[in-house]
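K.L.:
First the structure, which I've put down as structure tokens, then a few questions once you've had a look.
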Amino acid sequence: MSDTERSSTHLGRREENIRLGLLAVAFSAVFVLALIILFVFQAGVPLIWKTGLGPFLGGLEWGPTRGQFGILAMIVGTIQVTLGALLLGVPLSLLAAIHLSEFAKPSTRVVLKPLIELLAAIPSVVYGFIGVVVLVPFVRETFGGSGFSVLTAAVVLGVMILPTVISISVDALQAVPHSYREGALALGATPWQAVTRVVVPAARSGIVTAVVLGMGRAMGETMAVIMVAGNAVVVPTSPLHPCRTLTSNIALEMAYAAGDHQKALFATGVVLFVMIFLLNALATALVRRR
């Protein structure tokens with residue numbers, strides 16, 4: 001075997017080892033995720049079967065010391081807060097992404113995009129503190145109620161999901177081939193029509209991914225929601241009523257929970273995981289169908 005052949009064989013083995021190493025790293029991440037899911041489900045599912053799926057998901061009474069494990073109020077609170085955050089954050093994020101991608105000058109984009117992404121680095125407790133100091137008194141004086149409410153939590157989460165949705169939406173819009181824009185303009189469309197009728201539909205899958213990730217961030221947020229939502233275990237019938245989310249319930253009670261109480265909190269985590277999974281699957285299915 002010549003030196004060239006030996007070198008080629010050695011290089012091929014080295015590349016194969018690198019490929020196998022990267023594959024192992026990728027599977028290790030999946031393995032860790034599988035372990036987390038297995039641990040949570042193993043700890044929480046027995047309590048769901050013991051209580052009954054209907055009473056657990058549809059019960060209005062949460063009293064672990066009395067054997068009452070109904071989480072309907074927290075499910076409703078989680079959905080309302082998440083939807084409120086999406087209604088506030090998604091339109092603002094999409095408009096900001098369109099401006100940065102299509103209309104902003106390069107010098108403006110270079111300054112604004114890093115500043116927007118910097119919002120993601122701010123600790124959630126800081127958002128919660130600002131919500132308590134600024135938003136809670138504003139909501140109380142303007143709309144009534146205590147100020148600790150679904151509305152306040154939705155506004156705080158709507159701001160928190162902005163950097164996630166904007167960054168991914170900008171990348172999705174910039175990934176659309178420039179020929180799409182040129183073709184629309186050549187056919188007589190205005191720049192705004194080209195963006196709204198050609199570019200945005202072409203980037204739809206990336207935008208939906210951004211919205212789904214923002215939804216997951218809003219649904220999984222804990223500290224800021226604890227500080228501004230009021231944490232009352234009641235079904236909120238108004239945006240001005242307090243609520244408790246699934247994540248807040250886990251964070252507030254896990255430190256002192258034991259026995260069935262602790263298992264019920266793990267079961268709450270199971271429900272939260274299933275909710276996020278189903279919403280992600282629904283969004284993916286809608287994109288593929290369209």
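The values are calculated or read from the model by the stated rules, or taken from the named source; none is laboratory data. Since this is a predicted model, take the numbers as computed values, not measurements. Positions of Cβ are backbone-derived with ideal geometry, glycine not excepted, and every protein chain shown enters the neighbour counts.
K.L.:
Quick one: is Ile98 of a type in the set (Val, Ile, Thr), modelled with pLDDT of 90 or more and over 24 Å from Leu265 (Cα atoms)?
P.N.:
yes
K.L.:
Of the residues Ala186, Ala203, only one is buried (at least 23 other Cβ atoms within 10 Å of the Cβ), over 18 Å from the mean Cα position of the chain (by Cα) and without any contact (Cβ under 8 Å) to a residue 40 or more places away in the chain; which?
P.N.:
Ala203
K.L.:
Look through the range 144-182, keep the residues that are outside any loop (DSSP other than H, G, I, E, B) and surrounded by fewer than 18 Cβ atoms within 10 Å (Cβ to Cβ), and return whichever of them is farthest from the chain's Cα centre (by Cα). It would help to see each step written out before you state the result.
P.N.:
Here is the first cut: in the range 144-182, the ones outside any loop (DSSP other than H, G, I, E, B) are 150-160, 162-174, 178-182.
Subset that is surrounded by fewer than 18 Cβ atoms within 10 Å (Cβ to Cβ): 171, 174, 178-180, 182.
On the way: Asp171: 18, Gln174: 22, His178: 30, Ser179: 33, Tyr180: 30, Glu182: 34 Å.
Per the criteria, the residue is Glu182.
K.L.:
Still on this model: On the basis of being exposed (fewer than 14 other Cβ atoms within 10 Å of the Cβ), under 22 Å from the mean Cα position of the chain (by Cα) and either without any contact (Cβ under 8 Å) to a residue 60 or more places away in the chain or within 18 Å of Gly259 (Cβ to Cβ) (or both), does Leu38 make the cut?
P.N.:
Numbers: exposed (fewer than 14 other Cβ atoms within 10 Å of the Cβ): yes; under 22 Å from the mean Cα position of the chain (by Cα): yes; either without any contact (Cβ under 8 Å) to a residue 60 or more places away in the chain or within 18 Å of Gly259 (Cβ to Cβ) (or both): yes.
It is true that Leu38 is exposed (fewer than 14 other Cβ atoms within 10 Å of the Cβ), under 22 Å from the mean Cα position of the chain (by Cα) and either without any contact (Cβ under 8 Å) to a residue 60 or more places away in the chain or within 18 Å of Gly259 (Cβ to Cβ) (or both).
K.L.:
Residues to consider are Thr82, Thr51; find the one that is modelled with pLDDT of 85 or more and within 25 Å of Met160 (Cα to Cα).
P.N.:
On the way: Thr51 fails: within 25 Å of Met160 (Cα to Cα).
The conditions single out Thr82.
K.L.:
If I filter the range 252-271 down to residues being aliphatic (A, V, I, L, M) and surrounded by fewer than 16 Cβ atoms within 10 Å (Cβ to Cβ), which single residue comes out as nearest to Gly128 (Cα to Cα)?
P.N.:
Leu252
K.L.:
Then there's this: So which residues in the range 56-84 are surrounded by 16 or more Cβ atoms within 10 Å (Cβ to Cβ) and more than 16 Å from Gly269 (Cα to Cα), if there are any at all?
P.N.:
If the condition is that a residue be surrounded by 16 or more Cβ atoms within 10 Å (Cβ to Cβ) and more than 16 Å from Gly269 (Cα to Cα), then Gly59, Gln80, Val81, Thr82, Gly84 are the ones that fit.
K.L.:
Quick one: what pairs do we get from the range 85-110, first residue farther than 20 Å from Ala224 by Cα and without any contact (Cβ under 8 Å) to a residue 12 or more places away in the chain, second of a type in the set (Gly, Ala, Ser) and crowded, with 17+ Cβ neighbours inside 10 Å, C-beta under 9 Å, 6+ apart or different chains?
P.N.:
Correct list of pairs: Arg109/Ser101.
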